Structures are given as structure tokens and as C-alpha cells.
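So the structure is just underneath, and the comments pick up after that.
Read the figures in this text as sums done on the coordinates, not as results from a lab. Quantities reported herein were computed from a predicted structural model and do not represent experimental measurements. We place every Cβ from the backbone using ideal geometry, glycine too, and count neighbours over all the protein chains shown.
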Amino acid sequence: MDRSLLDCVVNGGRVSRGIAASRTMLEFLREDLGLKGTKEGCGEGECGACLILLDGRAVNSCLMLAAQAHGREIVTIEGIKGRDGGLHPIQKTFMEEGAVQCGFCIPGIIVAAEALLRRKPAATLEDIKLELTGNLCRCTGYEKILGAVELSRDELKKKGKR
Amino acid sequence: MRPELLVRPSSLAHLWKTLPSLPRDRRYLAGGTDLMIAASHGHAGDCWVDISGLKELRSFRETPSSLFIGSGLTISALAEMPAVKKWLPALALAAPHYASPSLRNMATIGGNAANGSPCADGVCALCSEKASIVLLLKGVKRKLPLPAFFLGPKRTALRKDELILGFEVPKWRHVSAYEKLGPRSYFGISKVSVCVSAEISGGVVKETVISCASVAPVPLMARKAAEFLYGRRLDEGTISEAAALAESEASPITDTRSEAGYRKAMVRVLAARALAKIAAA
């Protein structure tokens, strides 16, 4: 088994270790680092449950080899936090608005929402819908999720919470 | 099965030096969004050569008469470039219909071609913009018109170890329309797509290129339809005749995504819609 050294930043901390060539980023995060917030849904890039930020952009960690993150920066749902280290405003809004049912898709959706609102703080409902086209939720019917992302956008703008 | 051997060359020079020592059944890994799925469904080579880190494949150059797009650029990166919006309107229009935002952040335009699928959105757009593909093997470059790169479903002109350096697209003053029919409005693989790029001068068609996805073994160029439109005005009659010609050029199959008869009929509908949009632009 071919192993290589992976040196990257995960949620602000430096990680350096040998990994198997065939390890996916999703396996690396969940099994090697114990970061279980990132979920495996379909394993084929269809559902978005495994989204992480790679150098600030949302990517499907199930379709990426861990080795490809060498020298790069990863943020998982565990690394999305408020300024005080507690819940991020998007996470708070999702809870308050009842946008979470079974919760399995939510880490991926919050990662996608965070990626969008960082890039486009004044995102419209249409922008939000387009950004979430790669995220499946089988419980909510999406209305509450879309509403919560809109409210998060307003909260973040109002309070400059970044 | 994902292979147990992964090689990550640091430059093209390093790549060509490393290749002879590797197992014969090797594949290039770029964005990985197709290759990783192929690996989960079966054998996908004994060794992967990861070219996603090669800066030499991510260049973007603009000259007075053309653009050069590095094969390693992601669909997202391209969609955000002002030069793409200005000179490659078909690619800019196709981008939001290309998979999902997170897949566009990984998937490369070179991979879209290398995968050899007749349904590729990025390829369909670039074909209508008169792109050529530039291939590289150990310092030897060759250039093909993009449609000639595709030999059949999943079969391309790539030789052993050859890679896609990028795409050369001439600057021409065209407007484009991209009509895609999928299982839903976004994030679906196309049942049929039709892309039209056209230069209209003095009210008549000076040049038009029509490409279609998912309706032939390779990305299809509707040449008869395009030739018919040369020198004509785009009106209801000419649009309807050109759309019928495009339909006659398609040879779709029935598969899990759609049926041959429906696909063929939809080529006419989508071509007419695209041409009407061009006429109104």
C-alpha cells in the first residue's frame, strides 16, 4: 500500500500524517481525525452531505482523495463557529427556525450556505436556491432551510458577525 | 476500486520523467468528479497520476485574436472570469447547468473533455464557440478541432500518456444560447442540450455554429442546420427549417435518461428556442 505524507490545515490546526493513497477526504476526516460532523450520504457527489470547504470553496469530500489536500486548508462543519467560539449565526438560525428535521443533510447545507454568504453577503433567494442545488434533504421540503439561510444572511449583515 | 498507487508530480517535466517507472494501467486524475465515481463502480487503473496540482495546466491567456484556457481550470473559476463572460458566452451560459456548485468547484474543463461523454455541458458549449483542443505528450503538442477529439462514447483521440494542455478559442463577435433539457431545472445530466453561437451582421447570419449534447455517440455538430442559416435572416421560417435540419442530423439512443424518439424531437424544439433567443438578442 502506497502511503504519502499529508500536510494540511484542518479547522485552523496543522495536521501532518502519513495516509494511504486511496483514502478519500471523507474517510480521512471521519475515521482518522474523528470529525464525524461531515456525513456520507450517496458517496457519489449527488447529495452534498459530505461538503467541506477547501481553500474557502465548498467541495464534495467523498469525491476527493485526502492526498489532494496537501498544502491546502480544510474547514469542516466543526470549524464553522461564531466569533465567541460557540454556534455560528447560521447554525443558531437553523435551530431557531426549525430548519432541521433528521439533521443528516444539515452539516453539508450549512457549509454550502457559509460558502455562499462569505462570497456573496447579499445573496438573493434565487442565489441561495442555486447554491443549494447540490444538497438533498429528504425531510423538510426545503422551505424552512431556504428561509433560515435568508434570515442568516440578514443577521450576518445586521450584526457584522464575521 | 481506487488504486493503491497515487503519484503527484510537481511539474510537467517531473511528470514525463516519472511516467516510465509507473504501472502500465495508469490514469490521470484532475478534478476527480468522474474518475472517483468510475472507481466506485469498477476497476479504474492500477495507478493514478494526480495532475490537479500542476500550475502549468491552470493558465489562462488572452491574445488579440484568441483565448487559451488551461485544462486544469475548474468550471467555477472559468465562470467567474470576465474574459469568459465577454468572449465565451456559451460557456458562461452553460456553467450554471453544469452539475452542482460544489462539483463545479472541483471539476475541470479538461476532465470534461477527457471523460469522452456525449452529454458534457462544458464541451458542448466550447464546440459551439469554435474551440480547438491542445494535447501534450512529452513536449510534443498537437491541436485538433474540439469535435474531432471525440471518437465515440467514452473514446477520445488521447494517446497513451497524452494529456490535455488546454483549449484555444478564437475571439469572434458572437451571441450564444444554451438550451438544456434534463430531469429537473438544475443539477441533472442532460437528456438533450443544444448550444448555438452566431454572429449576426446587417440582420443576416454571418456565421453560426450549432452543437448538441446527448443525441449522438459524440458531441454532435449540426452542420447542415448551420450551413442553411448562412446569409439568411433569422425569422420564424428559417428558424423552423434549421431546427428541422438539426433534428435530422441527430442519432440518439434510448438509455436510462431518455428515449431516442423523444430526444430526436427535442433537438428540433431546443434548436428553435435557442435560435429564437439569438434572433431576439
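Between A:GLN101 and B:ARG27, the simple spin-label model (points 7 angstrom out along Cα→Cβ) gives 3.6 nm.
Estimated purely from DSSP H runs of n ≥ 4, each contributing -39500 (n - 2.57), the mean residue ellipticity at 222 nm for chain A is -8500 deg cm²/dmol once divided by its residues. Which net charge results for the neighbourhood of B:SER258, defined as the other residues with beta-carbon distances under 14 angstrom from its beta-carbon, given Lys and Arg at +1 and Asp and Glu at -1? Its environment carries a net charge of +4. Rounded, prolate or oblate: which fits chain A, taking a ≥ b ≥ c as square roots of the Cα gyration tensor eigenvalues, rounded meaning a/c under 1.5, else prolate when a/b beats b/c? Prolate, since a/c reaches 1.5 and a/b exceeds b/c.
How high is the FRET efficiency from A:LEU125 to B:LYS277, r the C-beta distance, R0 25 Å, rounded to 0.05?
On the way: r = 25 Å, r/R0 = 1.00.
Result of the calculation: an efficiency of 0.50.
Subtracting the Cα-Cα distance of B:GLU236 and B:ARG159 from their residue separation scaled by 0.36 nm leaves 23.2 nm. Put a dot 7 Å past the Cα of B:LYS55, heading toward its Cβ, do the same for B:ASP255, and the two dots end up 3.9 nm apart. Taking the Cα centre of chain B as origin and assigning +1 to Lys and Arg Cβ atoms and -1 to Asp and Glu Cβ atoms, the resulting dipole is close to 420 debye.
Phi angles of region B:204-221 translate, via the Karplus equation with coefficients 6.51, -1.76, 1.60 and θ = phi - 60°, into HN-Hα couplings of 10, 6, 8, 7, 9, 10, 10, 10, 10, 10, 6, 10, 7, x, 9, x, 9, 9 Hz per residue; Gly and Pro are given as x. Helix content alone sets the calculated 222 nm mean residue ellipticity of chain B: runs of n ≥ 4 DSSP H residues at -39500 (n - 2.57) each, divided across all residues, give -9000 deg cm²/dmol.
Among residues other than A:THR124 whose Cβ falls under 15 Å from its Cβ, what is the net charge (Lys/Arg +1, Asp/Glu -1)?
Working: positive: A:ARG119, A:LYS120, A:LYS129, A:ARG153, A:LYS157; negative: A:GLU126, A:ASP127, A:GLU131, A:GLU150, A:ASP154.
Once all neighbours under 15 Å are counted, the net charge is 0.
In this label model, B:LYS206 and A:ARG83 are separated by 5.5 nm, measuring between points 7 Å along each Cα→Cβ vector.
Can you bin the protein assembly as shown into rounded, prolate or oblate? Criterion: square roots of the alpha carbon gyration tensor eigenvalues sorted a ≥ b ≥ c, rounded for a/c under 1.5, prolate for a/b above b/c, oblate for the rest. Present the calculation step by step, with values, prior to reporting the outcome.
On the way: a/c = 1.93, a/b = 1.30, b/c = 1.48.
Note, shape of the protein assembly as shown comes out oblate.
Compared with the direct C-alpha span, the chain from B:ARG173 to B:TYR262 gains 28.7 nm at full extension, assuming 0.36 nm per residue. What is the antiparallel percent of DSSP beta bridges lying wholly in chain A, to the nearest 5? Bridges in chain A that DSSP calls antiparallel: roughly 90 percent. Please identify which residues in region B:259-280 have an amide N closer than 14 Å to a label point set 7 Å out from the Cα of B:SER248, following the Cα→Cβ vector. Output list for this probe position: B:268.
To the nearest 0.05, how large is the calculated FRET efficiency for B:HIS43 and B:ALA13 if R₀ is 25 Å and r is the Cβ-Cβ distance?
On the way: r = 30 Å, r/R0 = 1.20.
Efficiency computed from Cβ-Cβ geometry: 0.25.
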